[in-house]
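All remarks here apply to the structure that follows.
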Amino acid sequence: EFGSLEYYVQTFRHGSDDMPSSSRKSKIYAMDCEMVKTIAGPELARVSLIEYSRSCCGDDDECDERVEANEKSVVVLDELVKPRRPVLDYLSEFSGVTPSMLENVATRIEDIQIKLLSLIEENDIIVGHSLENDLKALRLVHNRIVDTSVVFRGSNGRKYSLRHLSNVLLQKQIQKGCGSSGHCSTEDAEAALVLALRRGRIGPSFQLKENTKPQNVVSVFHKINRNDNSKSLSFAQRNEGSCVCVGSNDWISKYANATYGAHHVLSCESIMDTMAMSVPSWISSDKPGKRAGFLWASMNCGEKKSADGQWKNEIRRLNEVLGALVNRSPFNTPILVVFQRNYKKALSLSQQRKAALNVKSTCGWSAAQDNVWRQYLEDCRWCEALWIGSSVNSNGAPA
């Protein structure tokens, strides 16, 4: 119905055969758009365009090299746009756009296109983050762009959010609406512009630092201490004990696979599993090759509160395992026990929420669902840690 009213347009060189082309230098713009969800998918609701100001303190030759002085910009366009199709979700948490903001807006996408074509020439540069989304929403074709999501892409191909890039590289927090006021498109455009300018001035060294080799406690157990000039031995070699990992199959595949060098990997889906008692057994054993130099275990406990008392049985089982650890462990063995609640539930809800809030999703995510998710997330982030250990007294006996 509205397809004939929304055409793609392309930037062009101002001037004509009868009139000489504009002699102005190419300009640098930064752009950011906010979209709402309609029956046809994402539609433009706000567009912001800022222009980089090259002049910072008069004569360029006399301008100092202070970073802030060369990163000035001015807002040349910041307008709300009325979608033609019924809005299903204003996505206010991200867009910052509310129904009341668009209530009296008469500007349509073709009005914005005319304004953009009057400002931007084909030789100008447009900077933005994930610009393909903005250009598609604007129905705009432009060939000279700098996309910071591509420029700062990780070595594994991962795209980093503009918020993360700004926080780490610019030491500036943006998008601080926290789900209430959403993003500010002029602020996002400015952040993308500054990132691009600094990358151009500093070079490839201006980027996020990546840990190319993932490490966990098992890999550290086998790592040689290069700072120790007297011995080139790892903790595992000095300890003369095996590395043992005990946990569910999912946990084992993620943290304790063969690439991390675990000597013994034991499957234990819950605290009720008979393999749970292998934890104190591996620590207390005095048999050669049967005592763990390092043991890492992860077990589920108390996830199902059933009427038959299963949950209480799991708690009793947990006390039994902890009691064996305290009573049977050698005096020179430090033990750290960490309790974390509702991790699986929080992870599941986080994945559901991410899918529901995707602009391409037709699923809804209510305020009640969000409150439940936040509660589980908060529970998951708080843990209790318990250190278990002993020392020796003056007589050499455990104390």
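Rounded if a/c is under 1.5, else prolate if a/b is larger than b/c, else oblate: which is region 67-188, with a ≥ b ≥ c the root eigenvalues of its Cα gyration tensor?
Since a/c reaches 1.5 but b/c is at least a/b, the shape of region 67-188 is classed as oblate.
From the square roots a ≥ b ≥ c of the eigenvalues of the alpha-carbon gyration tensor of region 135-209, which class results: rounded (a/c under 1.5), prolate (a/b over b/c), or oblate? List each step's numbers first, then the result.
Details: a/c = 1.63, a/b = 1.08, b/c = 1.50.
Oblate, because a/c is 1.5 or more while a/b does not exceed b/c.
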TODO: Order these peptides, 265-271, 343-349, 74-80, by their mean beta-carbon neighbour count within 10 angstrom, highest first.
DONE: 265-271, 343-349, 74-80
- [ ] Name the long-range amide H neighbours of residue 76: under 5 Å, sequence gap of 5 or more, or other chain; modelled H, no Pro or chain starts.
- [x] 49, 50, 51
TODO: In whole Hz, with x marking every Gly and Pro, tabulate ³J(HN,Hα) for region 147-154 from phi via Karplus 6.51 cos²θ - 1.76 cosθ + 1.60, θ = phi - 60°.
DONE: 9, 5, 5, 8, 4, 9, 5, x
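What Kirkwood hydrodynamic radius do you get for region 89-156 when you take the inverse of the mean 1/r over all pairs of distinct Cα atoms, in Å? Don't jump to the answer; show the numbers that get you there.
Working: mean 1/r = 0.0699 Å⁻¹.
One over the average 1/r among Cα pairs gives 14.3 Å for region 89-156.
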Task: Listed peptides 361-367, 278-284, 106-112, 39-45 by packing density, highest first (mean Cβ within 10 Å) - done: 278-284, 39-45, 106-112, 361-367
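Every number here is computed from the coordinates shown, using simple stated rules; none is lab data. These numbers were taken from a predicted model, which means no experiment stands behind them. Glycine also receives a Cβ, built like all others from the backbone with ideal geometry; neighbour counts cover every protein chain displayed.
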